[in-house]
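Step one of this worksheet: look at the structure below.
The values are calculated or read from the model by the stated rules, or taken from the named source; none is laboratory data. Nothing here was measured: the structure is a model prediction, and the numbers come from that model. Here the Cβ positions follow ideal geometry from the backbone for every residue, glycine too, while neighbour counts run over all protein chains shown. Please note that ligands, DNA and RNA were not included when accessible areas were found on the heavy atoms of the full protein model with its side chains. Shrake-Rupley method; radii C 1.70, N 1.55, O 1.52, S 1.80 Å.
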Amino acid sequence: DLRSYTVTKPSKSMRNAMANAEVGDDVYKEDPTANRLQKYCAELFGKEDALFVPSGVMGNQLCLNVLTQPGDEIICDKYSHIFQYESGSPAALSGLSMNLLNSVNGIITPEQVEEVIHQSSAYYMTRTRVIEVENTHNVAGGVVHPIQNIKALKTVADKHNLKMHLDGARLWNASVASGISLAEYASYFDTISVCLSKGLGAPVGSIILGEKEIIEKAFRVRKGWGGGMRQIGIIAAAGLYAIENNYERLSNDHENAKSLANHLAQIEGVEIDPSKVETNIVMFKPLNISVEEVISKARESGLLISGMGIGIIRAVTHLDVSSEDINKAKKILSEILTN
């Protein structure tokens, strides 16, 4: 199943950690396992505080909410997850506008950002408040956002008194691929959201990080949005296990993805640039057969892949996919795409 990294199932060891987790009422901040997870992540990312939330969407939206006021504006790439795949939540939940930029591989530049910032003196315009970055970038195929560009964006943000938010759903992958620490990435952002339920393989949950005051605000909003949970140590334990056991092994997923990409590049009638496969997402375009037919025939042969809606097929490697599985996928796709 290469449709997504979200299809992973908890291992026996992870289930044992969940079953044996010490729990308490998290709305009272008395769940020891959740507290341990949050403290561990705050230390790992070099931030003052952290908060466990049910999903990546809630994580992103909580961060945007506490950094802004209704009527404010977010600058981001037009294919960013917060715009494309979060059900219009910035507008619906926080009254925010989105200033969308065209990018190359999901990387918005400081020059693009500075050109569209609304000056605070222009009271009749939306107030630019946040620059948002996605790392790695989903629609761009898991591309790692260059750290030098992030630093340059931070300079622009500081110059104009703007906040920075990082959608780090796959920041774990970016860190492993680049060798840059999670804390180094996090140091340039006011808020960060990272997923536990994607590459790390936990069944549910994300973590948001920032200064203590920001996280306290987010704690209150989380409650108002229905995210105040009780004995969450059961699922927080899965997150702890995932970080401690499945973080460094992400390099295996990257190797499997590159192996698949290199194989597809050798098939006539497939458009793909293997050099752009930096982490665990492989995007390719079949030239002589429809996306729908490839997906259907692959399913018949025991391979699950997904379309991106733009003539592109996506395959995502993860911890439930071995190198032997990738070899099977290569064979199935070769048969479909060459016939």
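Odds and ends about this structure:
- Exposure of Met229 as accessible area (Å², to 10), given a probe of 1.4 Å and all protein chains: 40
- Surface accessible to a 1.4 Å probe, Asp31 within the full protein complex, Å²: 0
- Å² per residue, accessible surface of the chain at 1.4 Å: 44
- Considering only Asn245, Asn65, Asn99, the Gaussian network model of the chain with Cα springs below 10 Å gives its largest mean-square fluctuation to Asn245.
- Whole-Å distance, taken between Cα centres, linking the stretch 250-295 and the stretch 7-69: 33
- Ranking by accessible area, most exposed first, for Met98, Met164 with a 1.4 Å probe: Met98, Met164
- Around the amide H of Ile192, modelled in the peptide plane, lie the amide H atoms of Leu166, Leu209, all under 5 Å away and 5 or more residues distant in sequence or on another chain.
- In the assembled protein chains, Phe284 presents an accessible area of approximately 0 Å² (probe radius 1.4 Å).
- Whole-Hz couplings from phi, Karplus 6.51/-1.76/1.60, listed for the stretch 303-317; x for Gly and Pro: 10, 9, 9, 10, x, 9, x, 10, x, 10, 9, 10, 10, 10, 8
- The chain shape via C-alpha gyration tensor axes, a/c threshold 1.5: oblate
- Karplus-derived HN-Hα couplings along the stretch 226-239 (A = 6.51, B = -1.76, C = 1.60, θ = phi - 60°), whole Hz, x at Gly and Pro: x, x, x, 9, 9, 7, 7, x, 4, 8, 5, 4, 5, x
- The stretch 259-339 shape via C-alpha gyration tensor axes, a/c threshold 1.5: rounded
- Shape of the stretch 292-337, Cα gyration tensor, a/c cut at 1.5: oblate
- Percent of beta bridges antiparallel (DSSP, the stretch 123-219, rounded to nearest 5): 40
- 14 Å reach of a label modelled at Ser251, 7 Å along Cα-to-Cβ, counting backbone N of the stretch 18-60: none
- Accessible area of the chain belonging to carbon and sulfur atoms, whole % at 1.4 Å probe: 47
- About its Cα centre, the dipole of the chain is roughly 440 debye, where the only charges are +1 on Lys and Arg Cβ and -1 on Asp and Glu Cβ.
- In order along the stretch 194-211, the Karplus-derived 3J(HN,Hα) couplings, from 6.51 cos²θ - 1.76 cosθ + 1.60 at θ = phi - 60°, round to 10, 8, 9, 9, 9, x, 6, x, 6, x, 6, x, 9, 10, 10, 9, x, 5 Hz, and Gly and Pro are given as x.
- The stretch 106-203: chymotrypsin sites (Phe, Trp or Tyr not before Pro) falling in loop per DSSP and having at most 13 other Cβ within 10 Å: Tyr123, Tyr124
- Cα centroid of the stretch 205-239 to Cα centroid of the stretch 301-339, whole Å: 36
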